[in-house]
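For reference, the structure discussed in these notes is given below.
The values are calculated or read from the model by the stated rules, or taken from the named source; none is laboratory data. The model shown is predicted, which means the values in this text are computed figures rather than measured ones. Here the Cβ positions follow ideal geometry from the backbone for every residue, glycine too, while neighbour counts run over all protein chains shown. To get the accessible areas, we keep the full protein, side chains included, count just its heavy atoms, and leave off ligands, DNA and RNA. Shrake-Rupley method; radii C 1.70, N 1.55, O 1.52, S 1.80 Å.
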Number of protein chains: 2
Amino acid sequence: MSERGDPAEPLLHGADTDEETIVEQAETSLDEDDRLKPEFLSAVLDAVEDGDSETARDLVSPLHPADIADLLELTPSERRADVAAALGDLVGAEVLSELNDYVRDDLIGALAPEQLAEFAAELDTDDAVAIIEDMEEADQQAVLDAMEPEDRAAIESALSYPEESAGRLMQRDLVAVPEHMTVGQVIDYLRDNADLTRDFWEIYVVDAAHRPIGYCQLSWILTCPRGISMADLMKREQTLIPVDMDQEEVALRFQKYALISAAVIDSSGRLVGMITVDDVVHIISEEAGEDILRLSGAGEGDINEPVMDSYRARVRWLLTNLVTALVASTIIGIFEGTIQKMVALATLMPIVAGVGGNAGSQTMAVTVRALATNQITGSNARRTIVREIRVALLNGVTVALVLGLGVALVFQNMALGGVIAAAMVTNIVTAGLAGAAVPLAFDRLNLDPAVASSIFVTMITDSMGFLAFLGLATAAGLTG
Amino acid sequence: MSERGDPAEPLLHGADTDEETIVEQAETSLDEDDRLKPEFLSAVLDAVEDGDSETARDLVSPLHPADIADLLELTPSERRADVAAALGDLVGAEVLSELNDYVRDDLIGALAPEQLAEFAAELDTDDAVAIIEDMEEADQQAVLDAMEPEDRAAIESALSYPEESAGRLMQRDLVAVPEHMTVGQVIDYLRDNADLTRDFWEIYVVDAAHRPIGYCQLSWILTCPRGISMADLMKREQTLIPVDMDQEEVALRFQKYALISAAVIDSSGRLVGMITVDDVVHIISEEAGEDILRLSGAGEGDINEPVMDSYRARVRWLLTNLVTALVASTIIGIFEGTIQKMVALATLMPIVAGVGGNAGSQTMAVTVRALATNQITGSNARRTIVREIRVALLNGVTVALVLGLGVALVFQNMALGGVIAAAMVTNIVTAGLAGAAVPLAFDRLNLDPAVASSIFVTMITDSMGFLAFLGLATAAGLTG
């Protein structure tokens, strides 16, 4: 973070690298999806097992840090420490920051606080914080104590913001200039200040109180004459990020306004940091992908999660599901007499419940996704429900026709066909209504619709499936 | 695209805008999640209805194009054309490129080809292509005919690449320089060439055959003395994108290597375009979010999709589900005699099937998500299955204990409790195995695991639930 060298020196990438490009590497180590080939992984693991660290290092050294992180993730957990030890300094700060949380926790345990402090100092504030924030308090303090005062202050300040907030995500190193500076002065300032960050995409223009009043893409600066002032060049419409904003909202804002970087401000409007899109991209993907896991009750749903953690997260949900299944079971119990008289009903009833459950899942997935992408507001919530009911009516009638005719033919019983068809329409329409209304209601109550909806919707479609079918069969006097 | 003015002129953002920032706008039109407030939408719709276009335009004009697009999406479809007409040129090229596909198709029908050609010319190639690619062939041709030859050529060339490929996603306007140029020469070249793009974040360094040999962030150029040569400054390790690469792979590559922009090359390695992260961010979100829709069989799952399209996408899946539900139904049929003797079995059997189905969904969600993020390869597929079975065993034993004890107590029947517990363990373990193995098998066969897995896993957990419970009950002589 604070370790910047001579302005020209560390930037001369051309001289100190071999000519291999990632495309060429791909031929040997990566498959067409940028995943490490199993053969490559085996070769590395075999070399480590044979005590041949040199071969392992030769194989791994051309890899991008993100690929070295993948390699460690793909290594069976009991061999990870050995592989990391054999690779030595190839497993550096950048690799650590790319690692899956669980795998990183595994490896970090083996590192000395001084080593971790050194890694943290090499990274941007946000990446260093990501590594340190999950550690136990005592270990965290040991690492902080081993850091230079300036780096420590930056990290401690980041840790003072809530988890998953913009304050944790931002980096402090940024370029801010007053509006009276000209393009030429800005370029001279950048050339003369060796300790400025080298990774920035936009410059912020601030007033005397350090409040951002505009921003400027680097490309605008490079394509303009030296004499133009920042006041004229900058764009005043800017998207500012409050430092306590939740990271999910930050990600949605980046996505909506196609931002590359954004200024982070404190409550008094002062510029305190910068978030860049590369720090947000993995959040966009995580947030978009986690609803599928939440909807199924799979918790974090990470394949690197310890088995006991997965067990605890999932069994809670299965036990809740057991309780809601009892509701459906109780409804069946009410109709035991009917089933006793006509056992074919027991054979058919799971069809009505199951297809209804599937229809509910469809509507629920659409609604949860639309809520997650901010596509539904108070303006169109009712319209969304009406739309889902219309789709459900079409679906219900189609499925009911097919099922009703089939049952009537197979059982040679028109009344039974009619009953199951009517039950099917009822349940699919109920599923459409519940699948849309339940997540919307949870969202209105500020509860996560993905976590809570599924169990309710399933309970409703199961119960309604059995109730409609067995109830109609009883009412129709099928068994009389 | 080709319409670039004087180098300084169009970039003077400071002069021609009012001072309102998006943060200030937010107070009046946006809620804390950057969604348009219902009151704001109503005010605009009321003004349009009253024929007061001026008020509508005054309200809307401070909005970002992405928010104007949201406004049109939130407007009921039958009123969209009126609102768009009232807003006039506020609904410009950028708004069009931000619109949901279905809503855009609605509005585009009302526009003349000449108008669309003008819009397309204002946009980057990739955004123009996104608008034009979904049009009917005849309409597409009319728009292309109305365009300037140069713009038309760029779009026709993009359209010649497969849909959802890098070729459709890239823009042609980029900055490429030879490696012998110095930083100073590059800056002068950028200042002197008015027709270069203004939106770029990195410069590509190419050889004599126009093959990229390195890249350079603009910040490196701005922080270096004029005399440094590009050969020394550039980074040679670069991530190149083949022009026919699928956009999902492009998105994963951007995410994995934290790219801001990347050079696109043709089959001979020549630089043909550039993809920037802002074009990829919405794909990352879409691809991560669509698995939840696919897994439920909800098709595109867009709330703006016409009802008939949703119906067609979903009913196909529900009918397939009907067929697989028959398998479970048939299994129950085999045990009709057993149920006849002990109707309580009919009451309890959906619990075993339902909780098993839920356990299967959990494992399936985790596996599908891990496959989508390239976390599973040949190296750890077997390990993932073993892990899921271990979690399933723990879950199965826990749920079986609770359920078995409960049933034994309620029904005062130890044997029945034992049977349902054994069936529950069997089904949850089966669910864990199927939930992991089925998506992995589909992926191995190059089929989309999210689309095809759910129906198989549900069929397996339903059938196994009924078979294990009714089969064990029969074998245990419960009804004897």
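In the stretch B:367-386, the residue that is nearest to the chain's Cα centre (by Cα) out of those that are free of Cβ contacts under 8 Å to residues at least 40 places away in the same chain and at the interface with chain A (Cβ under 7 Å from one of its Cβ atoms) is B:A370. Is one or more of the residues making up the stretch B:307-314 assigned by TED's automatic domain parsing to the domain that holds B:F469 and crowded, with 22+ Cβ neighbours inside 10 Å? Yes; the residues of the stretch B:307-314 include at least one that is assigned by TED's automatic domain parsing to the domain that holds B:F469 and crowded, with 22+ Cβ neighbours inside 10 Å. Scanning the stretch A:105-133 for residues that are open to solvent by 40 Å² or more (accessible area, probe 1.4 Å) and of a type outside the set (D, E, K, R) returns A:G109, A:A110, A:L111, A:A112, A:P113, A:Q115. B:S329 - would you say it is facing chain A (nearest Cβ under 7 Å), modelled with pLDDT of 90 or more and surrounded by fewer than 24 Cβ atoms within 10 Å (Cβ to Cβ)? The answer is yes for B:S329.
Residues in the stretch A:222-245 that are within 7 Å of another protein chain (Cβ to nearest Cβ), open to solvent by less than 10 Å² (accessible area, probe 1.4 Å), among the hydrophobic types (A, V, I, L, M, F, W, C) and in contact (Cβ under 8 Å) with a residue 24 or more places away in the chain: A:C224, A:L233, A:M234.
Every condition in (1) under 31 Å from the mean Cα position of the chain (by Cα); (2) more than 13 Å from every other protein chain (Cβ to nearest Cβ); (3) over 30 Å from B:P113 (Cα atoms) holds for B:I203 except the one numbered (2).
For the stretch B:460-480, a tally of residues being part of a helix (DSSP H, G or I) and either modelled with pLDDT under 90 or among the acidic types (D, E) (or both) returns 1.
Report yes if B:Q185 is in a helix (DSSP H, G or I), over 29 Å from B:L123 (Cβ atoms) and outside the structural domain of B:E150 (by TED's automatic domain parsing), otherwise no. Yes; evaluated as a whole, the condition is true for this residue.
Selection within the stretch A:387-409: residues that are more than 23 Å from B:E78 (Cα to Cα) and either open to solvent by 40 Å² or more (accessible area, probe 1.4 Å) or in the same structural domain as A:Y257 (by TED's automatic domain parsing) (or both). The member of this set that is farthest from the chain's Cα centre (by Cα) is A:L409. Of the residues B:A313, B:A298, the single one that is more than 7 Å from every other protein chain (Cβ to nearest Cβ) and among the aliphatic types (A, V, I, L, M) is B:A313.
Where helices (runs of 4 or more DSSP H) fall entirely within the stretch B:1-104, those with at least 1 residues that are within 12 Å of chain A (Cβ to nearest Cβ), surrounded by 17 or more Cβ atoms within 10 Å (Cβ to Cβ) and at pLDDT below 80 are at B:22-29.
Taking every residue in the stretch A:331-350 that is over 19 Å from A:T426 (Cβ atoms) and pairing it with any residue that is among the hydroxyl-bearing types (S, T, Y) and open to solvent by 30 Å² or more (accessible area, probe 1.4 Å), at least 6 positions away or on another chain, the pairs with Cβ-Cβ distances below 6 Å are A:K341/A:T479; A:M342/A:T479.
Condition (residue is open to solvent by 30 Å² or more (accessible area, probe 1.4 Å), modelled with pLDDT of 90 or more and more than 19 Å from B:T324 (Cα to Cα)) applied to the stretch B:452-459: is it met by at least one residue? Checked against the condition, which is being open to solvent by 30 Å² or more (accessible area, probe 1.4 Å), modelled with pLDDT of 90 or more and more than 19 Å from B:T324 (Cα to Cα), the stretch B:452-459 yields no hits at all.
Looking at this structure, is B:A298 assigned to a helix (DSSP H, G or I), surrounded by 24 or more Cβ atoms within 10 Å (Cβ to Cβ) and touching a helix residue (DSSP H, G or I) at 6+ places or on another chain (Cβ under 8 Å)? Judged against the criteria, B:A298 is not a match.
Among the candidates B:R191, B:R198, the residue that is more than 36 Å from the chain's Cα centre (by Cα), under 16 Å from A:I221 (Cα atoms) and surrounded by fewer than 19 Cβ atoms within 10 Å (Cβ to Cβ) is uniquely B:R191.
Among the residues that make up the stretch B:81-103, is at least one of them touching a residue at least 12 places away in the same chain (Cβ under 8 Å), in contact with a strand residue (DSSP E or B) (Cβ under 7 Å, 6 or more places away or on another chain) and in the same structural domain as B:A121 (by TED's automatic domain parsing)? No - not one qualifying residue is present in the stretch B:81-103.
B:T363 meets all of the listed conditions (1) over 30 Å from B:G289 (Cα atoms); (2) among the hydroxyl-bearing types (S, T, Y); (3) open to solvent by less than 30 Å² (accessible area, probe 1.4 Å) but one, namely (1).
For residues in the stretch B:410-447 being among the polar types (S, T, N, Q) and under 34 Å from the mean Cα position of the chain (by Cα), which is nearest to A:N321 (Cα to Cα)? Per the criteria, the residue is B:N427.
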